[in-house]
Each structure stands twice: as structure tokens, then as C-alpha cells.
Amino acid sequence: MTDDTAKRDYKDTVFLPKTPFPMKAGLPQKEPGIEARWREIDLYRKLREARAGREKFILHDGPPYANGDMHIGHALNHILKDTVCRTQNLMGKDAPYVPGWDCHGLPIEWKVEEQYRKKKKNKDEVPAKEFRAECRAYAQKWVDTQREQLKRLGIMGDWDNPYLTMDFQAEATIVAELCKFAESGNLYRGSKPIMWSPVEKTALAEAEVEYEDLTDSPQIDVAFEITESPIEELVGAHAVIWTTTPWTIPVNQALAYGPDVEYEIVEACPYFSNAYLTPEQSAAIEKRLVEHLPWMSGSRRLLVAKDLGEAVASRLTKAAAAVDVSDLGLEKVGIVLDYPGTGPNLYVKGFELAGTKARHPMHHLGGFYAAPRPFLEGDFVTTDSGTGLVHMAPDHGEDDFDLCKANGLNPVFAVMDDGRYRDDWLWLGADDKDEDGKERRRSVINKPFNSPEGPICSDLREAGALLSASADYAHSYPHSWRSKAKVIYRCTPQWFVPMDKELEPVPGAKPSALHDMSLEDIEAAAKDGAALGQAQDERDTLRTRAMSEIDRVEFIPPKGENRLGSMVEGRPDWVLSRQRAWGVPITLFVRPDGTYLQDPEVNARVVAAIAEAGVDAWEEARKAEFLGDAHNPDEFEMVTDILDVWFDSGCTHSFVLESGRWPDLQWPANLYLEGSDQHRGWFQSSLLQSCSTRGRAPYDQVLTHGFTMDAKGKKMSKSLGNTVSPLKIMEQTGADIIRLWALSVDFTEDHRIGDEILKGVGDQYRRLRNTFRYLLGALDGFVGDMGDGGEIPELELYVLSLLSELDAKLKKAATEYDFNTYTRLLVDFCNEDLSAFFFDIRKDTLYCDGDDSTARNAYRTVLDLLFHALVRYAAPVLVFTSEEVWQTRYPQDGEREGSVHLLEWPSVPAVPADRAKWDALRALRERVTEAIEPLRREKVIRSSNEAVVTVPASAVPEGVTDEQLAELFITGTVTRSSEGGEVTVTKSSDNKCGRCWRLLPDVAADGDLCGRCAEVVGE
Ligand SMILES: [Zn+2]
């Protein structure tokens, strides 16, 4: 043995990779500098110039509310949008991105009011203009904050010129769009029960309502004495209704029955398990019952649905249980519903109740309460719960409203916007005071007000009409997601867009299906019958237009089509009005009869005024100016309601895509991309707005993403303390890490984020980063390709074929917005095909071959191709790191104001390779690696170079030499055996080359050189 230390050190003859690109990313320090440089060179504008004249791809940004810091939902949403635009730009299209914000509406008003509340200031005392100015300033503050946060996240867009719904131009366009509805008569004033928040004093859109499970809601059974009926036995009996909203009883106007429901007349009887009572006991019990349950002093004959008799009896028993009879030696009193002794009509079919009338329990108050309450046939009445008789308050329920309206009973508007009854309301109005002279009325969502001890139940009890009352009902009840307070249905005069009114055709819009058909087609279809019938039935309404557009538009994932479709199919008319201050006014002039002025000239003056001065221009002082000489101001009133904020955002396609302020954009958009909650929000309002005014949807594709849950799959909330802040992650690990996370999850479903998940993402990031670091090092000093001189080895051809396959898959994934597949393919290729395979095998060639070696040159040529492809593929995902990689290799490009993000999709050569052969070789390589592993573990050998391998001859594809196998396995000598299928490994007895550390037969002694190395170093 020779002494190693005496041997020459060949380290400086080995070509070690050299690069200033560090392994440690340091993204939080580096990213802001990269972002600043993009700003400096105006990268977004440069990209627009570079793509000018190309096919456009328009993703229209849905505006988030400008009312808080960026949260993880914003981050995911914007990363997806950014990646769509970046991949489209990369694929050569012109894909501009104009970000926007929703600035009007309750979310912002609520925040400003919150500040008032803290200062004990009353909002109603602040002049409207002043209040709106504060809302405007508040929104602007958050626009500016979020804009900086989104830039920091690496979102590329027209940040110097975003759209805001509160821009005067936007406000004017929204008004102009509203005027289109007005001028075509596609707007009406009506009253209808709508979701109303007494706390916020406004109507709410469905998207602003959330359902909460309650277990302590009130439930009461109320008796309405029947005064008139074709069925004699019913007169004097009590019709029983059940409700969970006691506060609606003061506005009851009728009772509804199911025509096919079977009803029965029963008698409520006290019941005991030890049933033999003395006459004294009976008398005592009777006295107490009437005392506790005053209704029992009246008729005990009740009308209920047969199927619900037992349920009613059990509620009555619960009420009777409060009657204490223990001193009489008895257990609790029960109530059974028994058949009365006389009368043939014990059973009544629902339809027989027509013509029956009852009186309101509070009829003694007179006035509104004196009128008889008719029994009305309602097909919505079921025997699922309650009593089978439903009390009707047309002010506060949709079914109630429709049925009463059809029978000439109108809403009475008794409940005011703050949830209290009107001052002049007989029962529980301003004059209804308790013994201390204090008002008994409260807001109808007030819990004690509705409780069994509250004024409603007390009065009903006293009137002998309360059969049962408890606070134990479990159901799901709507709440305002903002104030968390209960909401109610309430009738108020509102402005509506009708869903089912026949529309005027939109000039220039695509014709309906029937118009598309030629006369021959129509005749042919008539022979078939069905098709024409369908076409003739198809009325052109907002609903049918929207439904046919939903059919045309592509939804990603496809389930979005059903979701939006079922919502539009069943939705009521669109309530446009809100009784608030911060928003776009409903600029209508109304006559006393509720009709409104349809004069385009007046509308044009209003639009012009708002374009100049914003929404404040809509003021009483300018009424005559707007109306002009043609109309008498005294004949009109100006509407003071503002527009539903969803109408604002529903118009963004108009003032952003069509206005010309952003010449890069065009109408319609290719894609709308938002969270799946926007099926009831922006996707729908934009669809309805555009179908009404333009005859089609403003988009061709709709992409939805799910929501981000915490690591355990729980919904994030501030109160649970499980929110994950993207701002914090950027600060701690970098924006590229959040981006990689967002593009690795299946965003079409709800997905998770947490420390462990982010750690895994960090590992993936390091692998990608190391791949680039390796490429940069290996390509150090590489200038050109190998020229025509050399032949490309088969391994290189094989890797190129893998690259071309990857290229096609990535393009498909990018086109389909399948970003988690995109990211996974990229990471897997870098890990499995490059790091663990190609780079590993070619380490020796790269480090130890001569500078002019054909193999080394061929390898580096392929590395160069890989570099150019991979840095482009990675650019939309790791926007900062890819720029760092690019500028490391091409620092002079930085001086020329270049950027990786200006590049286009790489052109990758289509290279044929014998895939079957290489699949077999890779499989064999894996077996060899597995066989070596135990020896390495037992420290018999230190590296695979020290292994001598025998492989079964049958496993080696034809035409592969033993030397090629050794190269592929990174081992010493490889031999093959014709017997047995095993791979065997032993320790090599060859000497180790002092330069390349391979153990080869031609190394004379340990530390001497092998033939190749000797040639390279010239010894
Ligand atoms: Zn060597």
C-alpha cells in the first residue's frame, strides 16, 4: 500500500461547478429588491409592449373589498390569477391584468360606523356627504395597503392604474348601466319580503347572510278561535298554529291549510298515570289548570292535522307539566287529545276548510285585529312539523306574501327598519306601555321580547290563546355575516329587476335559438315535434338568457355549472335597492303612483354630473337642473336608495373592459376566476347585468377555487385563532413559498395550510432551487453548443425525450389551469429524472472529463437546453427565484433591463428515444442501487464506485455494453451472468483513481490515475 498523503492532490484538475447562486435562498431579504427592480424597469409595461399585437387573453379581476389586510384567501386568489396571466403570457398571448377593488357598500360603511360607535358618535347626525367622504378615504387607505401587499407577493399587474368602483368614471358607468334597465322598463318598484338586518338597518343580499345553528329558539302553539265555517262543529273550536317567530303574530292576517291534509277535531283532556281521582282532586286540578293555562277556560276543542296530533299533545303536556299537583299526591299532569263525544265530523279534509274564518287572539284591540282571519289554501303546507295549519304574515314570509297577495291581503309594513313595530301600531307600538310607563316594544329580533315570558306570549296567554310556549327549538337561522345579528324577512318598498319579464332584444346581440334556425330547419323540427315546441316555449327573459349562457360558458371545475344554474333557476327577482349612504344612487325620478321617468336626455345629464363630481352629485338641489325644461320637478321625487353593491361589481365588465381607459383590455373576458362563494355573488351579478344589457355573459370561462382551512381542516377564524397570515409567511420564508404552496394544492376543493404543510413546500422549494444551482454551476463558462462535431450520447437523447414529454404535459396543464399538476410535474422531473438520475450519472463526465471531451460537451449542451426550458417553466410559479436564477446566469441582461418574465415558452426539440430500452435500464439501475444499499449500510463499501456488480444477462437490453452499465450504475466493473435472475454485488479489488475516485482495473495503485484521467491531466 502506498501512503495517500504522499500522492499528488488532483483537486485542481477537476472541473468543480462554480456559481455565485447560493444554496440558502434568503427570500425575505432578496424578494423586495427584485420587486423594486421590476417596478423600476416597469416590467408590466415592457411585457405589454413585447406581446403587443398577439392574441389576447383577458382575465377580468373580481374586485375584493378594500377593508382590511390581505388574508390567505386573497393571497391564493391572486396567486392563481397571476399564474393564469403569467402562463398565458409565457405561451405567447397578450394577457394583461388590471386589478380592481370594490369600494362601496356596507362592509366599508360598517367599519366607518364602528369608528363612530367607539367615539360614541351617532351616524345619523353626520351629514351624508361627510360620511361618504370618510368611507371614500377609508376605502382608499385599504386599496393602497393591499396594493403594496399584493405587489410584495409578486403579483404582476397594472398597479399604477387599477380600477376602483368609487372612481367617478366607474360611478358614472354604473349609473349609465342602471339607466339602461330603466329605459327598457326592466326595473320595477315593488314590495316583497326580503332579507333584512334590523341591526344594520338594511336589506341584505343572500351572499351577506350566513346560517347559524340555534338550540334555544322559541316555539309556541297559538289558538285562533273559529268564528265562521261551513262545518258547523268547527265554530267555537280553536284552530292551532305553531310558530318559531312569536313576533309575527301581531301582524297575522290569515291561516293556511293544505288541501290534501287530513285534519281532526279533538278535545284536550288532562291525563294522569294513576287515573282514579276523587271529586276533590278533580276540582282542585281543574282550578289549577285554568289558572296556569288560561286557554283551558275556553273551548278545549282543537283543530289540528291528524298526523301531527301526537306532536301537539306532547307540547301541550310539556306546558301542563308546570302545574304542580304533588301536594295532591299526584304526578305530573299530561294532556291527551281525545275525540269529543259527539258530532259526525271528527275528520276534515283540508279542502273542506274553504270559507272558514277565525278571529285574531287580540281581536279585542279592534282596528287591524278586528277583521276576521280567513282560511286560505296553501300548497306549501305540509305535515312535517307544526300543526298542519300555518299562520300567515305577508310582511314576513315569501309564501305568506304570495298567498295573501293572491287573496287580496296586503302587507301592513308594521315593522320598522330597526326591527320595532310602528309607533301607531295597536299592539306593541309606542303607546303600549307597562305599569311603570315604560314602552313594552323591542326589536323583533330581541330574545326576551320573543321568550315565553315576553310581552307577546304574556298577552296571548292572558287572551286565552297560548297553548304552549318554550325556548328549546333547534334549527338553522339566518344571521348577518357582518354583525352576526339575526336577520328577518321584511316587506319594504324596493327596486327590483324582474327575472321573468319578456325582454326587448338587445341590438346586435346573438339571436335566440329559434332565430338561428332556417325555415327548413323549423319545418324539419316541426315534424320531429319536440324541438320546435321547446323553441316556441322559450320566452326571452333574463332568466332564460342567463340559463342559456350558463349552458354555453365553460366551468372549471364543471360542478360550477350546476351550482350557478340551480341558483339562477330558482332565484327571485333581483332586489337592487339598499337604504344606505355609501354607494351609487338609484338615479330615478318617481311619480306618486310608483312609475318612473324614462327619459334618456335626463339620464344623460345625471350620468355626466356623476362623472364630474361622483355620487354626491345626486342631490335634491340639482333636481330641476337634471329634469330640464321638459319635466315639472313638482311631479317627481328623487329616489334616495342606493344600489346593491353587487350591481356595482356586476358592472365592472363595462367600465373596465369596455371603457377604453385600459386599451390593453377587451370585452368580453376569457375568464373570471374567484372563490366558489361567488356563484351567488359576482359571477351571478355580472351574468345577470350583462345578459340584460348585452344579451350574453361577459365571460367565456368561469374558474372557481375552494377555501383554505387550517392544518386540521377547520375553517379559519379570528376567534379560533387559527388564521395563517400570508404577510407573516412572506416575512419569515418568502413569497415564493406561499406561491409554491398555492400552486401545489388542489385549489378546486377546500385545502389546507399549516406549519407541517409549509415545511413540505419548503423542501420542494429547496429541490427546485438546488436543481437551478446545479445547472448554473455546471454551465459556468459554457458558451455555445457542441457544434456539428460530436454525436449526442443515448442518455442525453433519452433525457431530451423526457423533456419534450414534460413540455407537452406542462403546456396542457397550463392551458387547463391545472396548476397543481403543473407544479408536481416540474418538481418530479427535477428530482427524479434530473437530480437522482441524469445529474448523478453524469457527475463523473462533468467533473473529470477533459474540457474538450465530446461527452462533456454534449452533456453541457443538454444542460443548457434544460436550463432554458426549466427557468421558463418555473417563472410563473417561483417568480422571484426564477428571476434570481436568470440574472445570475445573464447579469448583462439585467443591465439591459431584461427579465425572465419577458421570455416566451421554450422551444424544445422533439427527440426520439428508445423508451422501452430506457425503461428497462432504469428498472435495472434501481435493482442495482437496492442491492448495493446493504453493503453500504454495513460499511463494507463507502460508495457505489467500490461495488462490482453482476446482473442477469436477460435484464440487459440489446446493444448495451458493460462499460455503459457501469457508467449508468456509477459502479466499478459490471459483468452479466446467464444463470439466475439475481443482481449480486461484491467489493471491488481494483485500485482507486486518485482523481475521479473510480475503482478501475487500469489504475496501477491506489491514488494513481486511470487511463482517462491520465490523459486529461496530461501525465
Ligand atoms: Zn480517473
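Quick check on Glu979: is it open to solvent by 60 Å² or more (accessible area, probe 1.4 Å), within 13 Å of the ligand (Cβ to nearest atom) and at pLDDT below 95?
Against the criterion (open to solvent by 60 Å² or more (accessible area, probe 1.4 Å), within 13 Å of the ligand (Cβ to nearest atom) and at pLDDT below 95), Glu979 does not qualify.
Go through segment 267-299 and give me each residue that's more than 56 Å from the chain's Cα centre (by Cα) and polar (S, T, N, Q).
Ser273, Asn274, Thr278, Gln281, Ser282, Ser297
Is it the case, given these coordinates, that Asp124 is open to solvent by 50 Å² or more (accessible area, probe 1.4 Å), under 24 Å from Asp42 (Cβ atoms) and part of a helix (DSSP H, G or I)?
no
So, Asp399, is that one part of a helix (DSSP H, G or I) and either among the acidic types (Asp, Glu) or at positive phi (or both) or not?
Judged against the criteria, Asp399 is a match.
If you check Arg925, Arg915, which single one turns out to be crowded, with 17+ Cβ neighbours inside 10 Å, closer than 23 Å to Leu834 by Cα and away from the ligand (no atom under 16 Å from the Cβ)?
Arg925
Quick test for you: out of Ala474, Ala469, pick the one residue that is touching a helix residue (DSSP H, G or I) at 6+ places or on another chain (Cβ under 6 Å), open to solvent by 20 Å² or more (accessible area, probe 1.4 Å) and either within 28 Å of Ala321 (Cβ to Cβ) or assigned to a loop (DSSP other than H, G, I, E, B) (or both).
Ala469
Give me the residue from segment 412-460 that is among the hydrophobic types (A, V, I, L, M, F, W, C) and at positive phi and, out of that set, nearest to the chain's Cα centre (by Cα).
In this case the residue turns out to be Phe413.
Open to solvent by less than 20 Å² (accessible area, probe 1.4 Å), out of contact with any strand residue (DSSP E or B) (no Cβ under 7 Å at 6 or more places or on another chain) and more than 9 Å from the ligand (Cβ to nearest atom): is that true of Leu968 in this structure?
So Leu968 fits the description; yes.
Under 8 Å between Cβ atoms, at least 6 apart or on separate chains: pull out the pairs that start in segment 984-997 with a residue that is under 18 Å from Thr929 (Cα atoms) and end on any residue that is part of a strand (DSSP E or B) and within 11 Å of the ligand (Cβ to nearest atom).
As it stands, the answer is Ser988/Leu999, since those pairs meet every condition given.
Could you say whether any residue in segment 988-1011 is away from the ligand (no atom under 16 Å from the Cβ) and either open to solvent by less than 70 Å² (accessible area, probe 1.4 Å) or not in a loop (DSSP other than H, G, I, E, B) (or both)?
no
Assuming Phe782 fulfils every condition listed in (1) touching a Lys or Arg at 6+ places or on another chain (Cβ under 9 Å); (2) open to solvent by 30 Å² or more (accessible area, probe 1.4 Å) apart from one, which condition is it?
Failed condition: (2).
Just to be sure before I move on: is Ala711 over 27 Å from Thr541 (Cβ atoms), among the small types (Gly, Ala, Ser) and either touching a residue at least 12 places away in the same chain (Cβ under 8 Å) or not in a helix (DSSP H, G or I) (or both) in the structure I sent?
Answer is yes for this residue.
Read through the list (1) at pLDDT 95 or above; (2) within 23 Å of Thr13 (Cα to Cα), then give the number of the only condition that Phe969 fails.
With (1) at pLDDT 95 or above; (2) within 23 Å of Thr13 (Cα to Cα) applied to Phe969, the lone miss is (2).
Could you please tell me which pairs satisfy a Cβ distance under 6 Å, a separation of 6+ or placement on different chains, a first residue in segment 902-927 that is over 25 Å from Val960 (Cα atoms), and a second residue that is open to solvent by 40 Å² or more (accessible area, probe 1.4 Å) and in a loop (DSSP other than H, G, I, E, B)?
Trp905/Met91
If you go through segment 1000-1019 one residue at a time, how many are touching a residue at least 12 places away in the same chain (Cβ under 8 Å) and more than 19 Å from Leu846 (Cβ to Cβ)?
7
Of the residues that make up segment 942-952, is at least one within 13 Å of the ligand (Cβ to nearest atom) and open to solvent by 30 Å² or more (accessible area, probe 1.4 Å)?
No, because not a single residue in segment 942-952 is within 13 Å of the ligand (Cβ to nearest atom) and open to solvent by 30 Å² or more (accessible area, probe 1.4 Å).
Could you tell me which numbered condition Leu740 fails, if it satisfies all but one of (1) within 40 Å of the chain's Cα centre (by Cα); (2) among the hydrophobic types (A, V, I, L, M, F, W, C); (3) farther than 23 Å from Pro28 by Cα?
(3)
Return a yes/no flag: does segment 902-913 have any residue that is charged (D, E, K, R) and touching a Phe, Trp or Tyr at 6+ places or on another chain (Cβ under 8 Å).
Looking through segment 902-913, none of the residues is charged (D, E, K, R) and touching a Phe, Trp or Tyr at 6+ places or on another chain (Cβ under 8 Å).
Kindly establish whether Thr165 is of a type outside the set (A, V, I, L, M) and in contact with a Pro (Cβ under 9 Å, 6 or more places away or on another chain).
It is true that Thr165 is of a type outside the set (A, V, I, L, M) and in contact with a Pro (Cβ under 9 Å, 6 or more places away or on another chain).
Would you mind finding the one in Leu316, Leu293, Leu330 that is of a type in the set (A, V, I, L, M, F, W, C) and touching a Phe, Trp or Tyr at 6+ places or on another chain (Cβ under 7 Å)?
Result of the check over Leu316, Leu293, Leu330: Leu330.
The values are calculated or read from the model by the stated rules, or taken from the named source; none is laboratory data. This is a predicted model, so every value here is computed, not measured. For neighbour counting, all protein chains shown are included, and Cβ atoms are generated from backbone atoms with ideal geometry for every residue, glycine included. Side chains included, ligands, DNA and RNA excluded: accessible areas come from the protein's heavy atoms. Shrake-Rupley method; radii C 1.70, N 1.55, O 1.52, S 1.80 Å.
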